[in-house]
Amino acid sequence: MTELVLTLFSAALLNNFVLHWPLGVDPLLAADRRQVHALGLATLCLMLMVGVLGYAIWHWLLVPLQLQALRLFVFLPLSVLLIAPLLKLLAHWLPTWRFDGLWPLLLGNAGVLGLTLINAQADRGLLHATALSLGAGLGFWLVLGLFCDLRERTTDNDVPLPFRGLPILLIGAGLMGVAFLGFSGLIKT
């Protein structure tokens, strides 16, 4: 049980998919301020669904049939086909949140495909794949919220001209990555 909790916290804070591995950076840079939490929740749910289903397909279908080389041809359509039903379901459950226009951001999120490949490569069990998927989604949502706050704070402040726009955002993302490295001393094995 403690291994699952450590995996969850490690995926969210230490081995963050956006800051540690640059996966899922595109939605981070293109997210609208009004849709930050909708995008975070949709990415969390998509990572959880694709991570668990991808592990199940890998472990119970591709490995027994010795079709491991086809993993990209299976995982990519799986993540693409789940986006539209997921957004409809979330829009039905949470009608006040804005889920319209999130389809391209979820489609371009390389973190979802990276997560399924990591789950298949690790092969440590279904509960581990679930904890890793949940932690990766929560970590993405956390970084998305922090990055949106950084973007709001830098737009109205007096930033030197060469650093306005994308350069100050990338510097802020680098500093967030360094700050998240401070969590590495929390978990000792």
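Would you work out if the stretch 78-189 is rounded, prolate or oblate? Take a ≥ b ≥ c from the square roots of the eigenvalues of the alpha-carbon gyration tensor; rounded if a/c is under 1.5, else prolate when a/b is larger than b/c, oblate otherwise.
Oblate.
Output the 0 to 90 degree angle, nearest 10, between the alpha-carbon long axis of helix 83-93 and the longest principal axis computed from the alpha carbons of the chain.
Once rounded, the angle reads 70 degrees.
If you fit an axis through the alpha-carbon atoms of helix 36-57 and take the longest principal axis of the Cα set of the chain, what angle between them do you get, 0 to 90°, nearest 10?
20 degrees
Do the sum for the chain: with -39,500 (n - 2.57) for every DSSP H run of n ≥ 4, divided by all residues, what is the mean residue ellipticity at 222 nm, to the nearest 500 deg cm²/dmol?
-21000 deg cm²/dmol
Projected onto the charge dipole of the chain (+1 at Lys/Arg Cβ, -1 at Asp/Glu Cβ, origin at the Cα centre), which of Leu170, Leu67, Leu134 gives the Cα projection farthest towards the positive end?
Leu67
Modelling each spin label as a point 7 Å along the Cα-to-Cβ direction, I'd like the Leu6/Asn157 distance in nm, to one decimal.
3.7 nm
Calculate, in nm to one decimal, what Leu175 and Leu117 gain on full extension: separation in residues at 0.36 nm each, minus their alpha carbon distance. Mind showing how you got there, number by number?
On the way: separation 58, 0.36 × 58 = 20.88 nm, distance 2.76 nm.
Extra length available between Leu175 and Leu117 comes to 18.1 nm.
Charges only on Cβ, +1 for Lys and Arg, -1 for Asp and Glu: so what's the dipole of the stretch 2-142 about the Cα centre, in debye to the nearest 20?
180 debye
Which one, Val36, Val74, Val112, has the greatest fluctuation when you compute a Gaussian network model over the chain with C-alpha springs under 10 angstrom?
Val74
What residue among Ala84, Ala120, Ala110 shows peak mean-square fluctuation when the chain is described by a Gaussian network model with Cα springs under 10 Å?
Ala84
Given labels modelled 7 Å from the Cα in the Cβ direction, how far is it in nm from Arg164 to Asp32?
Calculated label separation equals 2.4 nm.
Please compute the Kirkwood hydrodynamic radius over the chain, one decimal place, Å, based on all pairs of different Cα atoms.
Over the chain, the inverse of the mean reciprocal pair distance is 17.3 Å.
Of Ile83, Gly185, Ile57, which is farthest on the positive side of the dipole of the chain, counting Cα position, with +1 on Lys and Arg Cβ, -1 on Asp and Glu Cβ, and the Cα centre as origin?
Ile57
So what are the ³J(HN,Hα) numbers for the stretch 172-182, from phi and the Karplus equation (6.51, -1.76, 1.60; θ = phi - 60°), rounded to whole Hz, Gly and Pro as x?
These are the phi-based 3J(HN,Hα) values: x, 5, x, 5, 5, x, 5, 5, 6, 5, x Hz.
Against the longest principal axis of the chain, how steep is helix 110-122, in degrees 0 to 90 to the nearest 10, with axes from Cα atoms?
The two axes meet at around 40 degrees.
Quick check: residue separation of Leu107 and Leu89 times 0.36 nm, minus the Cα distance between them. What number comes out in nm?
Net length gain for the segment: 4.8 nm.
Here, each number is a calculation from the coordinates, and none is a lab measurement. Only a predicted model underlies this, so the values are computations on that prediction, with no experimental measurement involved. As a convention, Cβ positions derive from the backbone with ideal geometry for all residues, glycine included, and neighbour counts pool all protein chains shown.
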